[in-house]
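The values are calculated or read from the model by the stated rules, or taken from the named source; none is laboratory data. Note that this is a predicted model, so its numbers are computed, not measured. With ideal geometry, Cβ positions are generated from the backbone for all residues, glycine too; neighbour counts draw on all protein chains shown. Note: accessible area is taken over every heavy atom of the protein model, side chains too, but ligands, DNA and RNA are not part of it. Shrake-Rupley method; radii C 1.70, N 1.55, O 1.52, S 1.80 Å.
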Amino acid sequence: MNTGLTRELLQRRIEDQMALATLATSDAVRAMHRDLTCLYRSQLACLVAGDALTSPVEPLEFDLAA
């Protein structure tokens, strides 16, 4: 599953929201941008976890004779 573009978009959204939060003039708007940052970080974490769960796992081989 190729999720590189989605990861890049989410990372860009996180950076944008953090920048907008620093520019906000009211606490409510700043909080909204911080909440959106948390949302996008959660989405990115779920995407990474999903990729890890769907990636093929190599079986471990043990030499029991040794």
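Just a few scattered comments:
- Relative contact order (%) - the chain, alpha-carbon pairs under 8 angstrom, separation at least six: 33 percent
- For the chain, the share of accessible area belonging to carbon and sulfur comes to 62 percent (1.4 Å probe, ligands and nucleic acids excluded).
- The figure for Thr54 is an accessible area of roughly 100 square angstrom, using a 1.4 Å probe on the protein chains alone.
- Surface per residue (accessible, 1.4 Å probe) for the chain, Å²: 83 Å²
- For the chain, the longest principal axis of the C-alpha atoms and the axis of helix 27-54 are separated by about 10°.
- In this simple spin-label approximation, Asp27 and Ala52 carry label points 7 Å from Cα along the Cα→Cβ vector, and these lie 3.7 nm apart.
- For the Cα trace of the chain, dividing Rg by the Kirkwood Rh returns an Rg/Rh value of 1.34.
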